[in-house]
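Input: a single structure, listed below in structure tokens.
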Amino acid sequence: MNPADPSQQVQIQTPADLEYHYRDFFTVFAGPDDVVLEFGNVNRSTQGQVRVSNRIVLTPANALRLREILDRTILEMQRRLQQAGAGQ
């Protein structure tokens with residue numbers, strides 16, 4: 001896939017046994033060459049501690065694309081929630 005061409009069509013394959021991981025903490029580090037996302041969980045038994053479980057590295061272009069897609073998706077979610085609330 002060419003990240004410079006978001007209109008390019010790709011087929012996404014998702015295995016049936018794909019694992020879901022709950023994360024309640026994240027950090028972001030941005031540099032000129034990459035953007036690093038770290039995801040983890042707050043340690044419930046030791047206050048003030050977080051265990052990082054995943055580190056994802058993106059190019060700056062893909063990080064910007066991710067931000068745009070997240071913005072659009074969250075706005076759509078909020079719109080639907082407002083519509084559902086107005087319908088009650």
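The values are calculated or read from the model by the stated rules, or taken from the named source; none is laboratory data. What you see is a predicted model, and the numbers here were worked out from it, not measured in a lab. With ideal geometry, Cβ positions are generated from the backbone for all residues, glycine too; neighbour counts draw on all protein chains shown. Ligands, DNA and RNA are excluded from the accessible area calculation, which covers all protein heavy atoms including side chains. Shrake-Rupley method; radii C 1.70, N 1.55, O 1.52, S 1.80 Å.
Per-residue answers, yes or no, for (1) in contact (Cβ under 8 Å) with a residue 40 or more places away in the chain; (2) assigned to a strand (DSSP E or B); (3) among the aliphatic types (A, V, I, L, M); (4) touching a Ser or Thr at 6+ places or on another chain (Cβ under 8 Å):
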residue	(1), (2), (3), (4)
Ser7	no, no, no, no
Pro15	no, no, no, no
Tyr20	no, no, no, no
Phe39	no, yes, no, yes
Ala63	no, no, yes, no
Leu66	no, no, yes, no
Ile69	no, no, yes, no
Arg79	no, no, no, no
Gln83	no, no, no, no
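Evaluated against (1) under 12 Å from the mean Cα position of the chain (by Cα); (2) modelled with pLDDT under 95, Thr46 falls short on exactly one condition, (1). Please tell me if Ala63 is at pLDDT below 95 and aliphatic (A, V, I, L, M). Against the criterion (at pLDDT below 95 and aliphatic (A, V, I, L, M)), Ala63 does not qualify. The sole residue among Leu64, Leu70, Leu58, Leu75 that is touching a helix residue (DSSP H, G or I) at 6+ places or on another chain (Cβ under 9 Å) and either within 29 Å of Ser7 (Cα to Cα) or open to solvent by 90 Å² or more (accessible area, probe 1.4 Å) (or both) is Leu58. Scanning the range 29-48 for residues that are over 30 Å from Ser7 (Cα atoms) and loosely packed, with under 11 Cβ neighbours inside 10 Å gives Arg44, Ser45, Thr46, Gln47, Gly48. The one condition from (1) open to solvent by 90 Å² or more (accessible area, probe 1.4 Å); (2) part of a strand (DSSP E or B); (3) free of Cβ contacts under 8 Å to residues at least 12 places away in the same chain that Phe26 does not meet is (3).
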